[in-house]
Amino acid sequence: QTRQPHMPSVRIKQAKCGYCGKIAREVEREIVGSYFFKKLECGHTICEDAVKALEESKYEDLSSSDGKSLYPFQIETVKFAEKSNFRCLIAHEMGLGKTIIALASLKLHPELLPCIIVCKSNLTAQWFVEIHRWTGKIAQVITKSTDDPEPNFFDIFIVSYDMLRRVSDKLKNAGSIKTIIFDETQMIKNTGAARTRYALD
């Protein structure tokens, strides 16, 4: 029996009417300029900034090909990555969806592509599947030193830490790489190791 990773219990906070305190169930909406005027089930009308509401909806509408959506804490982590201009460390516990968070960021920000994903060799297949599931893209998996990156066909490349040093020059010449995602960064904690040097290079 496969053991499922523990997911935190997340309570979704429901918006309430600011006048009567009842749950704000929308029954009608009108857009005037850059504002939403929402008529609620309780009879009151509230006004929302349409630009801000549309900005938030992009996270909530993001889903995988099999209908999975981001948890609220995953959305907050994507926002954290955005605020850091995607120069960040995501250090959630195992099973909390660091892969999904990274791919959601790529999906929302195609300007981050082309991208290289560096991971353990036994995780390349998992990354390949998750990339297609969350972004709809097919990634090129570099498995041999004779493999040539194909930037005309792929904009996401997957390579293992051990393979990286053998194909680093090829990846450098594979077009204008804009983003590198390092999975399991403890693999490059030893600053004197060749693996770390090639990763930093």
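List every residue pair whose Cβ atoms lie under 8 Å apart, where the two residues are 6 or more positions apart in sequence or sit on different chains, the first residue falls within segment 73-90 and is more than 15 Å from K178 (Cβ to Cβ) and in contact (Cβ under 8 Å) with a residue 40 or more places away in the chain, and the second residue, located anywhere, is open to solvent by 40 Å² or more (accessible area, probe 1.4 Å) and in a helix (DSSP H, G or I).
Listed by first residue and then by second, the contacts come to L89/T185.
Just name the residue that is nearest to A104 (Cα to Cα) out of those in segment 127-169 that are in contact (Cβ under 8 Å) with a residue 24 or more places away in the chain and basic (K, R).
It comes out as R133.
So which of K107, K120, K178 is closer than 30 Å to S63 by Cα, in contact with an Asp or Glu (Cβ under 7 Å, 6 or more places away or on another chain) and either open to solvent by 50 Å² or more (accessible area, probe 1.4 Å) or of a type in the set (S, T, Y) (or both)? So that I can check it myself, show each step before the final result.
Numbers: K107 fails: in contact with an Asp or Glu (Cβ under 7 Å, 6 or more places away or on another chain); K178 fails: in contact with an Asp or Glu (Cβ under 7 Å, 6 or more places away or on another chain).
Just a single option satisfies the conditions, and that option is K120.
Under 24 Å from D66 (Cα atoms) and within 21 Å of the chain's Cα centre (by Cα): does that describe E184? Write out each step before concluding.
Working: under 24 Å from D66 (Cα atoms): no; within 21 Å of the chain's Cα centre (by Cα): yes.
For E184, the condition - under 24 Å from D66 (Cα atoms) and within 21 Å of the chain's Cα centre (by Cα) - is not met.
State whether the residues of segment 1-14 include one that is open to solvent by less than 80 Å² (accessible area, probe 1.4 Å) and modelled with pLDDT of 75 or more. Don't jump to the end; show me each part of the working.
At the first step, the residues of segment 1-14 found to be open to solvent by less than 80 Å² (accessible area, probe 1.4 Å) are 5, 7-8, 10.
Checking the rest, the ones that are also modelled with pLDDT of 75 or more come to none.
Checked against the condition, which is being open to solvent by less than 80 Å² (accessible area, probe 1.4 Å) and modelled with pLDDT of 75 or more, segment 1-14 yields no hits at all.
Within segment 100-112, can one find any residue that is touching a His at 6+ places or on another chain (Cβ under 9 Å) and not in a loop (DSSP other than H, G, I, E, B)? Before you say what the answer is, go through the steps one by one.
The initial filter retains those residues of segment 100-112 that are touching a His at 6+ places or on another chain (Cβ under 9 Å), namely 101.
Among the residues that remain, those that are also not in a loop (DSSP other than H, G, I, E, B) are: 101.
Checked against the condition, which is being touching a His at 6+ places or on another chain (Cβ under 9 Å) and not in a loop (DSSP other than H, G, I, E, B), segment 100-112 yields at least one hit.
Can you pull out the residues in segment 75-98 that are surrounded by 10 or more Cβ atoms within 10 Å (Cβ to Cβ) and either part of a helix (DSSP H, G or I) or basic (K, R) (or both)?
Correct list: I75, E76, T77, V78, K79, F80, A81, E82, K98.
The values are calculated or read from the model by the stated rules, or taken from the named source; none is laboratory data. Quick caveat, the model's predicted, so the values are computed rather than measured. For neighbour counting, all protein chains shown are included, and Cβ atoms are generated from backbone atoms with ideal geometry for every residue, glycine included. The area values use the complete protein model at the heavy-atom level, side chains included, leaving out ligands, DNA and RNA. Shrake-Rupley method; radii C 1.70, N 1.55, O 1.52, S 1.80 Å.
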